[in-house]
Amino acid sequence: MKKTIVGTIVITMLLMWITISNIENSHFVKKMPSISITNGWQYRDGDSPKDKDGNSTWVNDKTSWKSLKSPLNPHINDSKGYAWLKVVLTKENFRDPSIYFYTYNQDFQMFINDKLIYSFGSFNSDNLHKLPGSFWHIIELPNDYAGKTVYIRMHSLDTSAVGNVRNFEISSASNHLINVIKENLPSFIFACLFVFVGFSVLIVSIIKLKGSKIFMSFSFACITSGIWLIAGGEIKQMFFYAPQYWEYIKIISQYLIPVAFSLFINNLLENKFEIIYKNVMGFHLVLLVLSLLLNFFNIIRIDSTVHIFYVSFSISMIIIIISIIKAYDSWNTEIKTFLFGFIALCCFGIFDVLNWNFNSNHSELYLSQWGISIFLMSLFIVIILHYIRAKDEVIEYSEKLKSKEKILVESQQELEFFANISHELRTPLNILLSTLQLLNLYIRDGSIKIAGRDISKHFNVMKQNCYRLLKLVNNLIDVNKIDSGYLKADFKNMDIVSVVEDITQSAANYIKSRGISITFDTDIEEKIIACDFEKIERIILNLLSNAVKFSNAGGSIFVGVHDGDANVEIVVEDTGIGIEKDKIDSVFERFVQVDKSFTRDHEGSGIGLSLVKSLVDMHGGNICVESKYGEGSKFKINLPVKHIVNGEICEINEGSAVHVEKISIEFSDI
């Protein structure tokens, strides 16, 4: 297993290396030559006055220009945010010559000598609180550009960065595009991969996982991170050229990243550090809202609050890393691998934030891309580990399923055998009962005469034992049907009070003949519920039979129906011998007999109460027993009050009334 994991990781890393190498060495993105002009720059503070023809007077003014060693960061102070830069173009010749020009938050115009060749922005001093964004521009040059002077009129929307220029390169237009792709394609692919993973997880979470909080928050984290990387890259403007919107998207997504990751890690760690993560999320959300409001009312530009964000972000990441390390040992290998990649991403991100914002001599090297690479690799390893574990679980589950299927087949065969035996037993019993009834009839009408002998007692004994066998067979068949799922309830809207009362009254004569009194009482005259009359009959007769079995002459039985609004309670209580405390919990188990002594004056198979419980469950109710040994038992049945929609109320008719034979069968083992 370990060899498989290591081999898969090595192969994956090799494939990623080959892919990136092919991208870098492909003809389409091959780095093309360009001339970067970094020397010979000059600048002037403020804006140039115009002559009578509307042309700038500084273009022809060769004096008052100051030397600038690098155009990246000129020290210019102008309250209105204006500055002029100039440089002489080189003499190299390119096909379709153009300038690749990259600046931050600047409106600008570009001239060759006194001819305007490109303009960007509105040059409105009221825009000092607006956010035009940082975009690169490819500016077409005339073919005879060599040796001519380029003048750049710049109006900054951030007076601390007047005249700021990052790139000024000369090459052909196609070369510039290829170079942009070459330098930014790997990071753009990583960013798109984040967004793709985020949306994929989101869709799977909604469709398959019923909105899992962990996967939903993970998708949110991936999407915000991917959008921030895309908005901060340079390829985006090839698809959608809107500098201001991209800048807002970048900053807003940047503010949401710690919110998303805090939410995700909080769910992953099962709310172990909920207070910490909620505070982190709340702080950054409040900071985002305040920044948007201040920007909307032109008080502070939203990008001016980014330094505060970077500090809070670094502190938040440190807190998150500490909390992860504290809970690290309690997780499985998959989560540990994921958290390792996430910690690496946080550490590299913190380094870049501190290096970029607080180190004036920082380089263009970003470690976050390495952090992203490690994070993505950890995700890939997690997927492999999860796949291997899931595969092992599937194999194990398959073996268990086969074992259960084998047991199920054997059980079905046993049930079928049991059903056939039960059916074969009931057929001869019915024949025996019919024969006994016929013989009894012949004896009564004189067709058969037995001189000097009264055999009616023997006929009754035979009949009772046939009923006992028939009861046992009926119970076995019903139990078999319940286990197989074939026994279904035929619900009808009926008055449960009348149903229970009629069943009780039908058995009253037999119970009284045993010297036991029986009483029925109710606190409600009528209660319509959906029930199956035949199943209720089996339940009540079985409980009454048990009450008679365990009661002596002179005892009493009470049957009651009580209204509980949402449910109906049926009570069957006797004053018999009761049930021992250690046996109460097992009375509803199948084939369990409370009294197993040889001196008992009744018979039983231990199926009756188990069947009663199954029939009560079929109605969505429950049954319980209260008993004190030597004093009696009380069985309580709770049935829910439900109705058949648009169903008529059924009356108890002759077809559904309790027959004497059913009572004889239920009471046959007494």
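The values are calculated or read from the model by the stated rules, or taken from the named source; none is laboratory data. No experiment lies behind these values; they were computed from the predicted model shown. Cβ atoms come from the backbone with ideal geometry, glycine included; neighbour counts cover every protein chain shown. Surface areas here come from the heavy atoms of the whole protein model, side chains and all, with no ligands, DNA or RNA. Shrake-Rupley method; radii C 1.70, N 1.55, O 1.52, S 1.80 Å.
For Glu626, the shell of other residues with beta-carbons less than 10 Å away shows a net charge of +2, using +1 for Lys and Arg and -1 for Asp and Glu.
Quick check for me: using +1 on Lys/Arg Cβ and -1 on Asp/Glu Cβ, what's the dipole size of the range 52-121 about its Cα centre, in debye to the nearest 20?
Values: 9 positive and 7 negative charges, 43 e Å.
My answer is approximately 200 debye.
Figure note: Lys115, Lys535 ranked by solvent-accessible area, largest first, 1.4 Å probe, ligands and nucleic acids not counted: Lys115, Lys535. Approximating the spin labels as points 7 Å out from Cα along Cα→Cβ, the Phe417-to-Ser517 distance works out to 5.2 nm.
Could you tell me which of rounded, prolate or oblate describes the range 267-361, using a ≥ b ≥ c as the square roots of the eigenvalues of the alpha-carbon gyration tensor, with rounded for a/c under 1.5 and, failing that, prolate when a/b is larger than b/c and oblate otherwise?
Values: a/c = 3.45, a/b = 1.69, b/c = 2.03.
Taking the square roots of the gyration eigenvalues as a ≥ b ≥ c, the range 267-361 is oblate.
Orientation-averaged projection of the range 477-565 equals 6.9 nm² [convex hull of Cα atoms, one quarter of hull surface area].
Rounded to whole Å, the principal axis extents of the Cα atoms in the range 400-542 read 70, 47, 25, largest first.
Computed over the range 199-243, the convex hull of the alpha-carbon atoms projects to a mean area of 3.6 nm². Summing +1 for each Lys or Arg and -1 for each Asp or Glu among the other residues whose beta-carbon sits under 11 angstrom from that of Ser330 gives +1.
Obtain the radius of gyration and the Kirkwood radius of the range 195-321 from its C-alpha atoms and give Rg over Rh. Write down the numbers at each step before the final one.
Working: Rg = 15.7 Å, Rh = 15.6 Å.
Checking Rg against Rh, the ratio lands at 1.00.
Solvent exposure of Ser398, expressed as accessible area, is near 40 Å², computed with a probe of 1.4 Å over the protein chains only.
In the distance distribution for the range 154-266, Cα-Cα pairs more than 26 Å apart total 35 percent. Counting only protein heavy atoms and using a 1.4 Å probe, the accessible area of Arg590 comes to about 80 Å².
Taken along its principal axes, the alpha carbon cloud of the range 169-228 reaches lengths of 55, 16, 12 Å, longest axis first. Reducing the range 492-553 and the range 267-328 to their Cα centroids gives an inter-centroid distance of 70 Å. When +1 charges are put on Lys and Arg Cβ atoms and -1 charges on Asp and Glu Cβ atoms, the dipole computed for the range 429-503 relative to its Cα centre reaches about 480 debye.
About its Cα centre, the range 207-332 has a charge dipole of approximately 280 debye under the convention of +1 per Lys or Arg Cβ and -1 per Asp or Glu Cβ, with nothing else charged.
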